[in-house]
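As structure tokens, the structure follows; a few thoughts come after it.
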Amino acid sequence: MASIQLRDVCLDYPLYGAYDFSLKRRLLGRLFRQPGEMRTIRAVDSITIDAKPGARIGLAGPNGSGKSTLLRLIAGVFPATSGELEISGNIVPLLGLGAGANLDFTAADNISLLLRISGRKPTQAMLDDIWAFTELEERMQRLPLRMFSSGMLMRVLFATATAFPADILLLDEWLSVVDENFSAKAEQRLQKMVETAAIVIIASHDHGLLRRTCNTIINLDHGRIASTVSLDAPSLHPLELREKRA
């Protein structure tokens with residue numbers, strides 16, 4: 001059974017020389033900083049989430065609030081600094097425009113590569129179905145992705161990543177750069193994936209999308225849960241969510 005359990009999870013980023021820009025601060029830092037001391041910033045701060053099948057979680061908050069970082073932590077991109085994290089189920093993370101893609105490879109080669117990374121053996125039928133969804137000209141399959149506009153690149157990556165169902169679906173503003181003609185089609189597929197996935201977590205500034213898709217919205221502020229909003233979703237299983245505070 002798919003599940004996500006975070007218990008008092010924290011994530012600290014190391015700061016490599018990106019601080020103390022003034023001469024005075026640099027000199028004082030050299031005098032008083034201990035040898036080998038590493039400065040860090042806490043990007044995820046004491047978060048506890050228990051998500052069961054049926055949970056549709058929306059992550060909201062301003063830039064820098066920790067939405068994308070929390071998604072990447074759940075996806076396994078970043079290891080937690082402290083706390084406990086347990087994930088059960090197949091994860092499909094849609095966490096960035098170029099994640100996993102090689103811009104020097106052709107579009108067709110990238111689709112095959114991404115399918116293999118996800119554990120699938122590409123077939124011609126798979127490739128044809130994915131390309132048909134992009135609505136791009138057939139000749140473009142033979143062009144390197146670096147020649148694509150951001151909108152065309154998004155079509156290829158979105159079509160590939162969403163070609164198969166997932167137990168746990170993680171999304172990070174994936175529809176924000178899709179052109180208007182493709183947006184409705186992409187959202188329709190997204191809604192289908194949301195319906196079939198056991199657990200969905202979406203980070204977005206689009207509150208309308210979150211309210212249409214989620215049964216709980218988590219508002220983040222400086223890596224902490226500032227508040228949660230439960231929405232009416234009688235057909236979905238309840239989400240168990242809480243935040244532990246020291």
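For segment 109-126, which residues satisfy the criterion of being touching a Ser or Thr at 6+ places or on another chain (Cβ under 8 Å) and free of Cβ contacts under 8 Å to residues at least 40 places away in the same chain?
Within segment 109-126, the first condition is being touching a Ser or Thr at 6+ places or on another chain (Cβ under 8 Å), and the residues that meet it are 110-111, 114-115, 122.
Scanning segment 109-126 gives a single hit, PRO122.
Here is a yes/no grid of residues against (1) under 22 Å from ALA60 (Cα atoms); (2) in contact (Cβ under 8 Å) with a residue 40 or more places away in the chain; (3) part of a helix (DSSP H, G or I):
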site: GLY151; (1), (2), (3): no, no, yes
site: MET154; (1), (2), (3): no, yes, yes
site: GLU195; (1), (2), (3): yes, no, yes
site: HIS205; (1), (2), (3): yes, yes, no
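Looking at segment 130-144, can you tell me whether even one residue there is within 30 Å of SER3 (Cβ to Cβ) and either of a type in the set (Lys, Arg) or loosely packed, with under 12 Cβ neighbours inside 10 Å (or both)? I'd like the intermediate steps shown before the answer.
First, the residues of segment 130-144 that are within 30 Å of SER3 (Cβ to Cβ): 130.
Within this subset, residues satisfying the condition of being either of a type in the set (Lys, Arg) or loosely packed, with under 12 Cβ neighbours inside 10 Å (or both) are none.
No, segment 130-144 has no match at all.
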Next on the checklist: List pairs: first residue in segment 37-64 and within 14 Å of VAL229 (Cα to Cα) and in contact (Cβ under 8 Å) with a residue 24 or more places away in the chain, second residue part of a loop (DSSP other than H, G, I, E, B) and of a type in the set (S, T, N, Q) anywhere in the structure, Cβ distance under 9 angstrom, at least six positions apart or on different chains.
Outcome noted: ALA55/ASN215; ARG56/ASN215; ILE57/ASN215; GLY58/SER204; GLY58/ASN215; LEU59/SER65; LEU59/SER204; ALA60/SER204
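Can you tell me how many residues in segment 80-98 are exposed (fewer than 15 other Cβ atoms within 10 Å of the Cβ), within 23 Å of ALA161 (Cβ to Cβ) and modelled with pLDDT of 90 or more?
We begin by selecting, within segment 80-98, every residue exposed (fewer than 15 other Cβ atoms within 10 Å of the Cβ); these are 82, 84, 86, 88, 98.
Now narrow it down to the ones that are within 23 Å of ALA161 (Cβ to Cβ): 88, 98.
Within this subset, residues satisfying the condition of being modelled with pLDDT of 90 or more are 88.
Here the count works out to 1.
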Checklist entry - Are any residues in segment 170-192 at pLDDT 85 or above, under 16 Å from the mean Cα position of the chain (by Cα) and either among the small types (Gly, Ala, Ser) or not in a strand (DSSP E or B) (or both), and if so, which ones? => result none
Item to check | Close pairs from segment 127-141: first closer than 11 Å to ALA163 by Cβ, partner hydroxyl-bearing (Ser, Thr, Tyr) and surrounded by 11 or more Cβ atoms within 10 Å (Cβ to Cβ), Cβ under 8 Å, at least 6 apart | outcome: LEU127/SER112; ILE130/THR160
Next on the checklist: Return the residues of segment 54-78 that are buried (at least 21 other Cβ atoms within 10 Å of the Cβ) and touching a Ser or Thr at 6+ places or on another chain (Cβ under 9 Å); say none if nothing qualifies.
Outcome noted: ALA55, ARG56, ILE57, GLY58, LEU59, ALA60, LYS67
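The values are calculated or read from the model by the stated rules, or taken from the named source; none is laboratory data. Nothing here was measured: the structure is a model prediction, and the numbers come from that model. Because the Cβ atoms are built from the backbone with ideal geometry, glycine has one as well, and the counts that use them run over all protein chains shown.
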